[in-house]
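What follows draws every value from the coordinates through simple rules; no lab data is involved. What you see is a predicted model; the values in this text were computed from it and never measured. Note that we place each Cβ from the backbone using ideal geometry, even for glycine, and neighbour counts take in every protein chain shown.
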Amino acid sequence: MTNEVREWLISFEVREWLISLACLVVMVIVSFVQWRFALPMGTIGIIEVGGAFGLAAMIGVGLFKGGIVLVAGALIMMLTETADWILSLTLLVVALAIAAVVGWRMPLDIHMSASQGITLGLIVGLVYLLTRLLLTVLYAYLLTANWTVSFGFGKIALAPVLLAALLYAAIVPLAGLGVRHFTEHLSSGGPTKPTGSVEINLSADKDKQQKK
């Protein structure tokens, strides 16, 4: 590895960390913009989209750095009381879903298309919706010990949770692809996503086997 390549990689790494820090700052700031709704159980439900930028960081700067941004942002949000444990746990589950889909299959040296971003956004929204509703029902059951009442609380929370899921489904891929535009290093010689049909030629291998 030449000195020029090494310096380029170091500068790129620094830029990724700076972008990660920017994502963390945006996540915390946006978390203060939220909509609150009262539940019959006496708790306050929160629709906030700051967490979406932490999830987007996992797409934009990679699983490791994005995970640090999400965890640090969630802790700050809980300390500033802009997020509760239900939201933080929901973000964790969605982050695991992103890791399963994107983490090791879509590194920064592979281009992510808009269609892939849309598909990922649908997955994020669906996982957010199901996880948040499930946690709401379970929490209601812990308070009431009555499944009928708990599912009633889930029905009441359905509308705001659905709205939040739609917002996450839109924001996460848009912000993630936006950040990824500055972090993808396709020119570094790494593998790129193949386009068009791919022909696999095994004739060379057969010739070698025949010679043996």
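Note down the nm distance, to one decimal, between modelled labels 7 Å out along Cα→Cβ at Leu89 and at Thr119.
Each label point is offset 7 Å from its Cα along the Cβ direction, giving 3.1 nm.
Take peptides 170-179, 156-165, 72-81 and line them up by average Cβ neighbours within 10 Å, highest first, as a rough protection proxy.
Values: 170-179: 21.8, 156-165: 18.2, 72-81: 16.2.
Ranked by mean Cβ neighbours within 10 Å, highest first: 170-179, 156-165, 72-81.
What is the spin-label model distance, in nm, from Thr148 to Thr80 if the labels are put 7 Å beyond Cα along the C-beta direction?
Computed distance between label sites Thr148 and Thr80 equals 4.4 nm.
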